[in-house]
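Chemist: For reference, the structure I am asking about is given below.
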Amino acid sequence: MKKSAPTTPLNGIQGLFAEEERTKQQLQSISASLASLTRETGPKVVRGDPASKSATPRVVSHHHHHVSPTISVSDSSLKFTHVLYNLSPAELYEQAIKYEKGSFISSSGALATLSGAKTGRSPKDKRVVRDETTGHDLWWGKGSPNIEMDEQTFMVNRERAVDYLNSLDKVFVNDQFLNWDPQNRIKVRIVSARAYHSLFMHNMCIRPTAEELENFGTPDFTIYNAGQFPCNRYTHYMTSSTSIDLNLARREMVILGTQYAGEMKKGLFSVMHYLMPKRQILSLHSGCNMGKDGDVALFFGLSGKVSSGQHSDEGLAFPLPNPTCTGKTTLSTDHNRYLIGDDEHCWSDNGVSNIEGGCYAKCIDLSREKEPDIWNAIKFGTVLENVVFDEHTREVDYSDKSVTENTRAAYPIEYIPNAKIPCVASHPKNVILLACDAFGVLPPVSKLTLAQTMYHFISGYTALVAGTEEGIKEPQATFSACFGAAFIMLHPTKYAAMLAEKMQKHGATGWLVNTGWSGGRYGSGSRIKLAYTRKIIDAIHSGSLLKAEYKRTEVFGLEIPTAVEGVPSDILEPMNTWTDEKAYKETLLKLGGLFKNNFGGFVAHKIGKDGKLTDEILAAGPLVEALTCHILLVFVSISCVIRMNTGESNGLSKAPISRELGSLDVDANGKEERKRNDIWQLFEEAQQNIMYLNKQRLLAMEELGRVKNERNSLLQRIEQLEMQNQATARKDKLTISSELLLRIDALVLNGVIGSTEASDLRRLVIDSRVGLADDIHDIILMNDAEFLAELRRFSKTIKGGADLSLYSLDLKAIKYEMAPIPVNVTDSRFRDFGNDSSERSRFSQYINSTFGNMSLGQALDEIKNDPLEWNRRIIDGMVKDFSWESECAEVHISAYEVVKQL
């Protein structure tokens, strides 16, 4: 007697009736799932294989009596559909080998089968119904994986898929779960036409117990996999014979024109990326493991693309020789730690839980020595996709790519010896972002701030190489938001905000680990040894890396440890491993620019209250523009700063820059090397000037400190004199200042001076109250003409550099912290910056429009009174007058901050 649930009869008459009633309800539910929307009822479904002579059909319909037809009919409303419900792996093996061409048992016991013409996902054929809700909630537009379709087109494809499935003699039905967290699991039903698909989902979803299956009820989501049947190319939105359609309102997915099983796995993952955030649960494309002491780590990383426009599923199953592999699966599968899952997880208030019940490992070039756990998991019950094997021995050749490079193995997670069942864990302690940097400029490991973690999480960087063909050496950066852009449904910043909140709440640390190249880019450098990467990961798990000493890198601003146990210290700093320092810096700036260009698509979306977190994330990215602006400021300030030592050598480079910056473009002869040399010569000259200017800034700060001390001494002396002369009629400086302001107001009322001059004199009194109190305390006794003349004389004295000379320094000299640089700029693009003899220069216009004729002292008081407003005015002025991005203005403001803190 059959013992596979749910057909096991219960003991006694009552148990038999109960069992039959449960079976009837299950079949009615399946019939409802397969119902055509143009007919009132679903098909007549019966249990069992139609080829089995011993099978006694149990007819289920919405009518009381039915007679099994004895003739062949084409009308699907009259024929029976046999349902093979939640079959065991052994039963599915029998179905596949008997009825599906290309299915065989391999020497290891796994079922080897073929997925047809499609050997990878077809992301351009995946569509989502856009309705009133999803139109608002989902991420649409540039960069989004969500391709829209309307409700009517979905229903056309659904009808096509359902009609096809109902026309078959039998269909396979799986009722299973997603998410090991019992409070947040999802019930899914998969209706398919192939035993291969049924066994695949049996392995990949969570398998219910007999009791859970008896109480399964109505599914939360249903997949109709009619992949053997094409869609109609003439249907609206269709661009090929393949279509994978999601309708989130109906909680249904339709597959037409592709038999690649990974579409079901990743389609459900997309669904979880929509459903879970609505419950404030973060869905993650990551691996996860747990130490013996309960510490949990998440691993994010990408794999690469396969040929023919089809894509892999981002899971990895090989140690790091593969050019596109980051090592997510390899590093999360650790013999010393429990495996929670290798690909898809949820992070809720309860902790981390695996979404799936199995692993989908890429097995190209797999070997027992490199991946013993995955090798041993390929046994009876495992599905091997598109592999090549010996016709006689049935031994698989994992190096054979003749069918596809995207060969896969799907097996239950319990096939991994150290898997933790149930697949749940506490809150993560470490969040590890893996990148295969084929440019060779990222450090093997760096500790990230929260903002940096968000930046690199949203970026989702790795690098691909064009191939191993002769002559192709150039790496290619690729970015996949949240390390899984093909599957996310909401905008990446929403997942990033949830990750930031959870990391901050539970004290998780972010890390960036480069498993790619060192000592040069792909083709000249070498791959970082897996043994070194494992030592780094071990140090992260143990917590010892948190205690290490760190130093900061250029451009990316990453904190890198000075030492890691078991790892050569010289490879921790990438620049140390390059023989050509100039090439290293050039490549570093190039990669930083690629990051910046990619991230430009996310800056419009604000995260956190008032977008504050967005600003922090942007500031955590590579400082490529900041460096460029800093270099440009050297040229901008050439003729705009005060000639403090006119005609004297000031220590700066005086070599004229005779070359035009425009000539840096590659000329007709393609002189790329000359272009690079010219750029770096300019850069090195700018660096020398910047170093000198920083030195002068320190000297200026020391001088400023001396002046402040003298001023304090002077104030103390004034206070002593005032105390000694309390009986005299002299008023203190504050009273004098107040009376001076009243006299100025009187001059305006009497028509002696205009409002503009009055405003300047008021500012003079407020900024220079000390000098006024000491030098012109008798001014109040003068008549209006004498009073005005004395104020004007004092104003000229201050502006001329006498007392309080620090406060009268030209604003732009301190703002840019620079001394004169006698360099001739010949490029027409920069003449309007450097023409100090013309008040019409753009730079002068910016200073005048932003600060007017204010001195440094006046500007300091203005900014102190309203810093936010003045930061905004500075940024707006920079964008308006220079057409620079707003973050470039931060370079200028940062110089101002130094002065403000004095």
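Chemist: How about region 337-373: which of its residues are touching a helix residue (DSSP H, G or I) at 6+ places or on another chain (Cβ under 8 Å) and in a loop (DSSP other than H, G, I, E, B)?
Modeler: Of everything in region 337-373, those that are touching a helix residue (DSSP H, G or I) at 6+ places or on another chain (Cβ under 8 Å) and in a loop (DSSP other than H, G, I, E, B) turn out to be 337, 342, 343, 355, 356, 357, 363, 366, 367, 368, 371.
Chemist: In contact with an Asp or Glu (Cβ under 7 Å, 6 or more places away or on another chain), more than 19 Å from residue 462 (Cβ to Cβ), without any contact (Cβ under 8 Å) to a residue 12 or more places away in the chain and of a type outside the set (A, V, I, L, M) - does that describe any residue in region 572-586?
Modeler: yes
Chemist: Also, quick follow-up: Restricting attention to region 213-229, does a residue exist that is open to solvent by 20 Å² or more (accessible area, probe 1.4 Å) and under 18 Å from residue 116 (Cβ atoms)?
Modeler: Yes.
Chemist: Under the condition of being in contact (Cβ under 8 Å) with a residue 24 or more places away in the chain, open to solvent by 10 Å² or more (accessible area, probe 1.4 Å) and of a type in the set (A, V, I, L, M), which residue from region 396-428 is nearest to residue 106 (Cα to Cα)?
Modeler: Taking the candidates together, the pick is 396.
Chemist: Please enumerate the residues belonging to region 219-258 that are of a type in the set (Val, Ile, Thr), modelled with pLDDT of 95 or more and outside any strand (DSSP E or B).
Modeler: 242, 258
Chemist: Is it fair to say residue 447 is out of contact with any Phe, Trp or Tyr (no Cβ under 9 Å at 6 or more places or on another chain) and over 30 Å from residue 137 (Cα atoms)?
Modeler: For residue 447, the condition - out of contact with any Phe, Trp or Tyr (no Cβ under 9 Å at 6 or more places or on another chain) and over 30 Å from residue 137 (Cα atoms) - is not met.
Chemist: Confirm whether residue 203 is touching a Cys at 6+ places or on another chain (Cβ under 7 Å), open to solvent by less than 10 Å² (accessible area, probe 1.4 Å), touching a residue at least 24 places away in the same chain (Cβ under 8 Å) and not in a loop (DSSP other than H, G, I, E, B).
Modeler: Numbers: touching a Cys at 6+ places or on another chain (Cβ under 7 Å): no; open to solvent by less than 10 Å² (accessible area, probe 1.4 Å): yes; touching a residue at least 24 places away in the same chain (Cβ under 8 Å): yes; not in a loop (DSSP other than H, G, I, E, B): yes.
Here the answer is no, as residue 203 does not meet what is asked.
Chemist: Regarding residue 171, is this residue open to solvent by less than 20 Å² (accessible area, probe 1.4 Å) and either closer than 23 Å to residue 126 by Cα or assigned to a loop (DSSP other than H, G, I, E, B) (or both)? Show your work before the answer.
Modeler: Values: open to solvent by less than 20 Å² (accessible area, probe 1.4 Å): yes; either closer than 23 Å to residue 126 by Cα or assigned to a loop (DSSP other than H, G, I, E, B) (or both): no.
No.
Chemist: Does residue 119 satisfy the condition of being surrounded by fewer than 14 Cβ atoms within 10 Å (Cβ to Cβ) and either under 18 Å from residue 237 (Cα atoms) or polar (S, T, N, Q) (or both)?
Modeler: For residue 119, the condition - surrounded by fewer than 14 Cβ atoms within 10 Å (Cβ to Cβ) and either under 18 Å from residue 237 (Cα atoms) or polar (S, T, N, Q) (or both) - is not met.
Chemist: Which pairs turn up if I take residues in region 171-192 that are on the phi > 0 side of the Ramachandran plot and look for partners that are modelled with pLDDT of 95 or more and charged (D, E, K, R) with beta carbon separation below 8 Å, at least 6 apart in sequence or on another chain?
Modeler: Filtered contacts from region 171-192: 179/185.
Chemist: In region 523-536, what residues are assigned to a loop (DSSP other than H, G, I, E, B) and closer than 17 Å to residue 434 by Cα?
Modeler: Passing the criteria: 528, 529.
Chemist: Right, next: Anything in region 188-224 that is in contact with a Pro (Cβ under 6 Å, 6 or more places away or on another chain) and more than 24 Å from residue 163 (Cα to Cα)? List them, or say none.
Modeler: Residues satisfying the conditions are 203, 213, 214.
Chemist: Could you please find all residues in region 324-342 being open to solvent by less than 10 Å² (accessible area, probe 1.4 Å) and either modelled with pLDDT of 95 or more or among the basic types (Lys, Arg) (or both)?
Modeler: Result: 328, 339, 340, 341.
Chemist: Okay, next question. When you scan region 511-536, how many residues do you find that are in contact with a strand residue (DSSP E or B) (Cβ under 7 Å, 6 or more places away or on another chain) and crowded, with 16+ Cβ neighbours inside 10 Å?
Modeler: Number of matching residues: 18.
Chemist: So, one more: Does residue 746 meet the test of being modelled with pLDDT of 80 or more, of a type in the set (Gly, Ala, Ser) and either open to solvent by 60 Å² or more (accessible area, probe 1.4 Å) or over 58 Å from the mean Cα position of the chain (by Cα) (or both)?
Modeler: Values: modelled with pLDDT of 80 or more: yes; of a type in the set (Gly, Ala, Ser): yes; either open to solvent by 60 Å² or more (accessible area, probe 1.4 Å) or over 58 Å from the mean Cα position of the chain (by Cα) (or both): yes.
Yes; evaluated as a whole, the condition is true for this residue.
Chemist: On to the next question. Quick one: is residue 557 at pLDDT below 95 and in contact with a Pro (Cβ under 8 Å, 6 or more places away or on another chain)?
Modeler: Taking the combined requirement at face value, the residue satisfies it.
Chemist: Criterion first (outside any loop (DSSP other than H, G, I, E, B) and either among the acidic types (Asp, Glu) or open to solvent by 80 Å² or more (accessible area, probe 1.4 Å) (or both)) does residue 554 satisfy it?
Modeler: No: the conditions fail for residue 554.
Chemist: Quick one: which of 272, 253, 264 is without any contact (Cβ under 8 Å) to a residue 60 or more places away in the chain and either within 14 Å of residue 147 (Cα to Cα) or open to solvent by less than 10 Å² (accessible area, probe 1.4 Å) (or both)?
Modeler: Testing whether each residue is without any contact (Cβ under 8 Å) to a residue 60 or more places away in the chain and either within 14 Å of residue 147 (Cα to Cα) or open to solvent by less than 10 Å² (accessible area, probe 1.4 Å) (or both) leaves just 253.
Chemist: Next up: Answer yes if at least one residue in region 300-310 is touching a strand residue (DSSP E or B) at 6+ places or on another chain (Cβ under 7 Å), open to solvent by less than 10 Å² (accessible area, probe 1.4 Å), under 30 Å from residue 168 (Cα atoms) and touching a residue at least 40 places away in the same chain (Cβ under 8 Å), and no otherwise.
Modeler: no
Chemist: Within region 492-523, can you find the residues that are of a type in the set (S, T, N, Q) and touching a residue at least 60 places away in the same chain (Cβ under 8 Å)?
Modeler: Within region 492-523, 493, 509, 514, 515, 518 qualify.
The values are calculated or read from the model by the stated rules, or taken from the named source; none is laboratory data. Source: prediction; values computed, not measured. For neighbour counting, all protein chains shown are included, and Cβ atoms are generated from backbone atoms with ideal geometry for every residue, glycine included. We work out accessible area using only protein heavy atoms, side chains counted, and drop any ligands, DNA or RNA first. Shrake-Rupley method; radii C 1.70, N 1.55, O 1.52, S 1.80 Å.
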